[in-house]
Amino acid sequence: MSATTRDVREIIRDEQVMRAPILAALADGPLTIPDLATAIGHPTREVVFWVMGMRKYGHLTELKGADDEGYFRYQAVERREPA
Amino acid sequence: MRYDALVIGSGIGGMESALKLADMGYQVLVVEKEASVGGKMILLSKVFPTLDCASCISTPKMAATVHHPNITVLTHAEVTGIRRDGADRFQARILAKPRFVDTAACTGCRQCEMSCTVAVPDQFNADMVARRAAYIAFPQAVPKKAIIERAGTSPCTGECPAGIKAHGYVALVRAGRPEQAFNLVLEATPLVGSLGRACYAPCEGTCTRGELEGSVPIRRLKRFVADAHYATGQPPSVPVAESTGRRVAVVGSGPAGLTAAWQLALRGHQVKVFESAPRPGGMLRLGIPAYRLPNAVVDDDIANLTALGVEIATNTRIDNLAALRAGGFDAVLLAAGTHAPGRLRVPGEDLPGAVSALAFLRSAKLGRATTAAVAAPADVVAGTAPDGQTTMTDGVDVCGQRVAVIGGGNVAIDTARTALRLGAAEVHLVSLESREQMPAHDWEVTEALAEGIVAHPGWGVRRCRGAERVTGVALRRCTAVLDATGRFAPQFDDTDTIDLPCEVVIAAVGMAADTADFAASLPTNRNGTIAVDPGTLQTRLGYVFAAGDVVTGPSMITEAVGQGRRAAFMIDRWLSGHELDPVAFDDRLPVVDRQAVLSRQADHSRRGPLPPPAVPGHAPDDFAELEPPIAPQEVRSATARCLDCGVCSECHECVSACPADAIDLGMRAEEIDAEIGTVVLSTGFRLFAADAKPQYGYGRFANVITGMQMDRLLAPTRPYHTVLRPSDGKVPDRIAYVLCTGSRDQTVGNPLCSKICCMYSIKQNQLIMGTLPLADVAVHYIDVRTVGKGYDEFFEQAKGMGAEFVKGRVAHIDETDEGNLVLTYEDIDHGGGLATAEYDLVVLAVGVQPNPEVAALFGGLDLGLDEHYYVEEVNEDLDPGRTTIPGVYVAGAASGARDIPESILHAGAAVTQAAAHLERQRQPQRSAQQERTRVPA
């Protein structure tokens, strides 16, 4: 599954460019990481880095409680971008 | 500086050592390489066996260390060397690395971090989540001050002669902030759109990505931000200083003059630009064809200036500097460019039909040299219909004519392609150089040839033929262009000649400064350029400065922009009575090494660069811009290719965001020498690199993590919101621990037990079962070592909570398609055969390793290491903490694996000896006697 994973530094660097597609995918409602990965066409492992980075910096947040399969859903947070 | 004690490292052992010595009344210097004190303990979830919160225990000690009146703490600093100073004392050299943040002003608000455009792995969260280049180490950091990670200047930024923060605007575009990117370029020059099209982009030539599959299209991204801004129709949003009441005259409105005028206006000076041509812009307006740089873009760039109140007087030639001074200008900048054309110096070059390239391009760009067949360039740019009128100025009309362009540089290429667009029947390019040696950029030559221009490389002009007007050029073979010293000295073979029939000859053979008007008052060089101080650009007349091509001779636009910036900086200092210091102008850090940048990653995925614009396959008949704008979807992939070479991009978002004005990118490293009475080494340990056991898959399988990573997942300041699988964010149902990973293992060169792994694993078992009540936890072990007060009871408690302990080594781990992990292990409790078990998540209980670099600190002194490379204690049973160097002591895990209580105890022993050493220094007579009567162990 992970045999072709990219270097962590490279994945994390992409958070800046992946923010917009992720927020666009969340525009219609909260999604799990596998759902997000499908929506934006990237591996779930990379989406974990981006979602957690965006969560850390206040772009999105998790909904309470995981679903039956053990996945949380994440939703966008209204956030004022730096002027 | 003079201290009683130097404590190196501020983990629990270092803090304990420093506090005990300080409480005894000694002056202590603590040097910590990280941005916060606290070491590894502050990053843990809880401590065993009490399950006390690690943060709750650590932070009081951290605060006490930093605020103790007898302790000085240097964080983000490293001891680079220690030598003996006399019999008992030491001299230490410390490198205080710059934080780029004024810690006195910083309030720890994290606004810099929130605005930062560079994401890097967060080492304080075991690389499981991103942090920013501007960051606060972790929420409990002491001091809680921001720091900016800067490895140096990124090559693209370092290479830009204009001083534009190329990495910065690329990072801003990547972050979805094109307007801020536009403003960042404005910090250097108002010519954002022009540079986005016509710059030859030296930044791209040095881009580290070029070592992989091709450089980032930096210039085209600049065009993107310029186009995005100009489409809004809004004036620039830049901070302008209050008016100084000083007036500056700028002579010339090319890149240097416009940039200088912009910079001076930003600094609050009143600026007026004088331009002899009918329209401002210099070579941008008059020299660069519209298919490369439309006039409308130059107009947009110049509008930035006029929005600041800069006046531009066109059709105004300045030939009297004293009159400007008398007219109320406090300073004058000469930036008149190089508008005198070079000459062929052959018979017939003054015949009608022969013209200079500068005059030809100027007429074309101003819309005066048109033909019946094609539109005026200005009209094309404006999008209006061709007017179809025929005008002819400067004595040449190329429509339907055969044109010979003489020269092999970029100007010659521009001239030839312009002639083609004006309807020339044939265009021939005659150059002394061979095709490979032509000074023009190769891609421009390729495009010109594709458009139908006929090249004649390796020929020189002997004469222009014709009686009343040009009818052709006589050429002779050029056998060499340069002499042995590299000087321009063409050699010809007069027996090898041809005639090239043509009606128009355009000479593109160089440009020179036209400074005759100023020669009486200003010294000039042999080539006519103005003589200036190269660092300050000041002329012999104190109030007159000069910049751009009129100083350097013909150069790139970016070089002229850089000259303009420098001149404005110096003029501003001169006007305000400051010293003209060339060093103060360029505050860039050294450029980072590109190989070092590439080596930050184990591998790089290849990302296709933007395809170059299609080479035109036919003779164009208008001046429509050739290069298309970069498409929005291309912008993301283009910026994602940036490697953040300097880490900090210098985008200046933190500078704008900081409410305390605490960001100081001008900070530099400082070397500090300290006189020390005693040294306490508390440099701690390193964690075993789990990928050194490749059979366990760490680094390849996302769901194989280390014990420290699990501790971070369990900590209050964790990278995720709970314990999740890194592969897909799923809550794990089955979790396995593999004990003794990298400990008690001769295959990795570490036969020692790490002492802490069993206990921290048991601690994590209990915490996981509290956090994830439904999860199953299994521990694969060889032995479980629980030596310590309450440790065994702690172990039994974990078993009672449901943790399963499986005796036997794990042979290897494999990954399923779902990201689950299959452990193959020796099942000793069930007969000793091989067995397998599948888990969602595997935690490798990695051991500890020594930190042997500490020995290198002692030049000329032999700091002993034991056989396992821990700091050697002379007699660890009876004399704990004493090293092989008198006066140097070791505290905590630097001398061997220890848990937290043991480290604290050991630190106490070490500082007791250190204090005794200091007392012997204070009472040398008594000390000597004590040494003599000391009973050996």
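For this structure, a couple of remarks:
- Once backbone amide H atoms are built at 1.01 Å from N, B:PHE274 has B:VAL250, B:VAL251, B:GLY252, B:ALA313 as its partners under 5 Å, excluding neighbours fewer than 5 places away on the same chain.
- Split chain B at each of the GluC sites (Glu not before Pro) in a DSSP loop with at most 13 other beta carbon atoms within 10 Å, and the longest piece is B:580-817.
- Whole-angstrom gap from the range B:700-750 to the range A:25-59, using each part's C-alpha centre: 22
- Crossing angle, helix B:410-421 versus chain B [Cα axis fit, 0-90 degrees, rounded to tens]: 60
- Calculated on the Cα set of the range B:449-583, radius of gyration then Dmax: 21.6, 65 Å.
- Estimated FRET transfer efficiency (B:GLN746, B:ALA307; beta-carbon r; R0 60 Å; 0.05): 0.25
- Pairs exceeding a 19 Å alpha-carbon distance, out of B:LYS33/B:LYS97; B:LYS33/B:LYS165; B:LYS40/B:LYS755; B:LYS40/B:LYS61: B:LYS33/B:LYS165.
- When the residues B:TRP459, B:TRP574, B:TRP262 are ordered by accessible surface, computed with a 1.4 Å probe over the protein chains alone, the sequence from largest down reads B:TRP574, B:TRP459, B:TRP262.
- Simple label model, 7 Å out from Cα along Cβ direction - B:THR314 to B:ARG93, nm: 6.1
- Dmax and Rg, reported as Rg then Dmax, of the range A:8-76 (C-alpha, Å): 11.0, 32
- Amide H within-cut-off set for B:ILE663, under 5 Å, with H built and near neighbours excluded: B:ASP102
- Modelled label positions at B:HIS618 and B:GLU804, each set 7 Å beyond Cα in the direction of Cβ, lie 7.5 nm from each other.
- Computed accessible area, B:CYS56, all protein chains, 1.4 angstrom probe, square angstrom: 90
- Exposure of B:ILE136 as accessible area (Å², to 10), given a probe of 1.4 Å and all protein chains: 10
- Put the Cα centre of the range B:450-494 next to the Cα centre of the range B:262-299 and the gap is 34 Å.
- Residues of type aspartates and glutamates that B:LYS145 reaches as a straight line, Cα spacing below 15 Å, ignoring anything fewer than 8 places off in the same chain: B:GLU32, B:GLU34, B:ASP102, B:GLU113, B:ASP661, B:ASP664
- Acute angle (nearest 10 degrees) that the helix B:757-771 long axis makes with the longest principal axis of chain B, alpha-carbon atoms: 80
- By the rule of a C-alpha distance below 29 Å, with chain neighbours fewer than 8 residues away ignored, the lysines paired with A:LYS64 are A:LYS56, B:LYS46, B:LYS730, B:LYS763.
- Here the Kirkwood formula puts the hydrodynamic radius of the range B:794-892 at 17.9 Å, using every distinct Cα pair.
- Gain in span if fully extended, B:ALA484 to B:THR824, counting 0.36 nm per residue against the direct Cα distance: 115.2 nm
- Normalised convex hull volume, chain B, alpha-carbon set, Å³ per residue: 219
- Radius of gyration over Kirkwood radius for the protein assembly as shown, both on Cα atoms: the Rg/Rh ratio is 1.07.
- Difference of contour (0.36 nm per residue) and Cα-Cα distance, B:ASN875 to B:ALA104: 273.1 nm
- Taking a straight Cα-Cα cut-off under 13 Å and skipping sequence neighbours fewer than 8 places away in the same chain, the aspartates and glutamates within cross-link reach of B:LYS789 are B:ASP899, B:GLU902.
- Taking every DSSP helix (H) stretch of at least 4 residues in chain B, weighting each as -39,500 (n - 2.57) and dividing the sum by the residue count yields a mean residue ellipticity at 222 nm of -8000 deg cm²/dmol.
- FRET efficiency for B:MET1 and B:GLN491, using Cβ-Cβ distance with R0 set to 60 Å, rounded to 0.05: 0.35
- Computed magnitude of the charge dipole of chain B (debye, nearest 20; Cβ of K, R +1, Cβ of D, E -1): 1480
- Euclidean distance between Cα centres, the range B:599-652 to the range B:95-111, Å: 35
- Residues in the range A:64-74 carry Karplus couplings, in order, of 5, x, 7, 7, 4, 8, x, 10, 8, 9, 10 Hz; the curve used is 6.51 cos²θ - 1.76 cosθ + 1.60 with θ = phi - 60°, and Gly or Pro positions show x.
- Counting only alpha carbon atoms, the long axis of helix B:218-232 and the longest principal axis of chain B meet at about 70°.
- Residues listed by number, the range B:583-610, amide nitrogen under 12 Å from B:GLU670 label point at 7 Å toward C-beta: none
The values are calculated or read from the model by the stated rules, or taken from the named source; none is laboratory data. Predicted model, so just to flag it, every value in this text is computed and none were measured. Cβ coordinates were reconstructed from backbone atoms using ideal geometry, including for glycine residues, and neighbour counts include every protein chain displayed. With ligands, DNA and RNA removed, areas are computed over all heavy atoms of the protein, side chains included. Shrake-Rupley method; radii C 1.70, N 1.55, O 1.52, S 1.80 Å.
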